[in-house]
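For reference, the structure discussed in these notes is given below.
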Amino acid sequence: MTTARDLLFVAMDMPSTRTLERGDLSLALAGAELIDLLGLGAATLDGEFVLPTGVSDTADPQLGQAAAALAPVADGETVEDWLWRRGRGLSDTYLAALEADGLLGREERRRFLVLRTSRMVLADSPGRRRASHRWAADEPVLLALADAVGISGPPPLPEPGPGPGATVVAAVRHAVDELAAERRRRAHRLDDARQTSVRRGF
């Protein structure tokens, strides 16, 4: 199991303080992948830059794909660049993997909803229980990533100590804030367009 998959289980099981957006979750999943890659020695940080180490034996298909997707050292890539590039559509990729593994099913009974908009329900599994145990243990990285997308554990929220994990979590928070600002700008533009249409009689 990986931090990204644990985060997805938490996102399905725990209440959020705001509507959980797939884009936000995708950014957090990319951050969770990077934290695991750093922990496995498949990547390292040089300041804000992510550097691959050439290690690719991750024993997890999604994490292996993440390791293969690391930008070459010569190209250079910041943590936030990684989040935006790797995070594109990542929540859907993880949901599809859970469904392929038989961990998601379709039911009319709306319990354990995925992102509040789906009729996919989460099956009981050892992985789900493991994520629940990590959550109950106040594991700082998992709680911080969840908090970044609006899922808060019991206060006080433990923050990761200084180091790569804290750097990645800070980048996730910043990227999620940027995405929220972009949504507000788009909503404002749409509202302006509607008001213009009304004034013109359309």
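The values are calculated or read from the model by the stated rules, or taken from the named source; none is laboratory data. The model shown is predicted, which means the values in this text are computed figures rather than measured ones. Glycine gets a Cβ as well: all are built from the backbone with ideal geometry, and neighbour counts include every protein chain shown. Heavy atoms of the whole protein, side chains included, go into the accessibility calculation; ligands, DNA and RNA do not. Shrake-Rupley method; radii C 1.70, N 1.55, O 1.52, S 1.80 Å.
Just to be sure, is residue 41 in contact with a Phe, Trp or Tyr (Cβ under 7 Å, 6 or more places away or on another chain), open to solvent by 20 Å² or more (accessible area, probe 1.4 Å) and in contact (Cβ under 8 Å) with a residue 12 or more places away in the chain? When the stated conditions are applied, residue 41 does not pass them. A search for C-beta distances below 6 Å between a residue of the stretch 157-170 that is within 17 Å of residue 80 (Cβ to Cβ) and any residue that is open to solvent by 30 Å² or more (accessible area, probe 1.4 Å) and modelled with pLDDT under 90, counting only pairs 6+ apart in sequence or on different chains, returns nothing. Filtering 71, 100 for residues that are open to solvent by less than 20 Å² (accessible area, probe 1.4 Å) and among the small types (Gly, Ala, Ser) leaves a single hit, 71.
Here is a yes/no grid of residues against (1) more than 23 Å from residue 63 (Cβ to Cβ); (2) within 19 Å of the chain's Cα centre (by Cα); (3) modelled with pLDDT of 90 or more; (4) not in a loop (DSSP other than H, G, I, E, B):
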| residue | (1), (2), (3), (4) |
| --- | --- |
| 85 | no, yes, yes, yes |
| 91 | no, yes, yes, yes |
| 118 | yes, yes, no, no |
| 124 | yes, no, no, no |
| 141 | no, yes, yes, yes |
| 154 | yes, no, no, no |
| 159 | yes, yes, no, no |
| 178 | yes, yes, yes, yes |
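Comparison of 48, 21, 33 shows that the only residue that is of a type outside the set (Ser, Thr, Tyr) and open to solvent by less than 20 Å² (accessible area, probe 1.4 Å) is 33.
Sort out which residues of the stretch 25-67 are among the β-branched types (Val, Ile, Thr) and in contact with a Gly (Cβ under 8 Å, 6 or more places away or on another chain), and write them in order of number. It would help to see each step written out before you state the result.
The initial filter retains those residues of the stretch 25-67 that are among the β-branched types (Val, Ile, Thr), namely 35, 44, 50, 53, 55, 58.
Result: 35, 53, 55, 58.
Under 19 Å from residue 40 (Cβ atoms), open to solvent by 40 Å² or more (accessible area, probe 1.4 Å) and at pLDDT below 90: is that true of residue 164 in this structure? Break it down into steps so the answer makes sense when it comes.
Working: under 19 Å from residue 40 (Cβ atoms): yes; open to solvent by 40 Å² or more (accessible area, probe 1.4 Å): yes; at pLDDT below 90: yes.
Spelling it out, residue 164 is indeed under 19 Å from residue 40 (Cβ atoms), open to solvent by 40 Å² or more (accessible area, probe 1.4 Å) and at pLDDT below 90.
Listed by first and then second residue, the pairs with beta-carbon distance under 7 Å, at least 6 apart or on different chains, first residue in the stretch 1-26 and closer than 15 Å to residue 96 by Cβ, second at pLDDT below 95 and aromatic (Phe, Trp, Tyr), are 4/94; 5/94; 8/94; 12/112.
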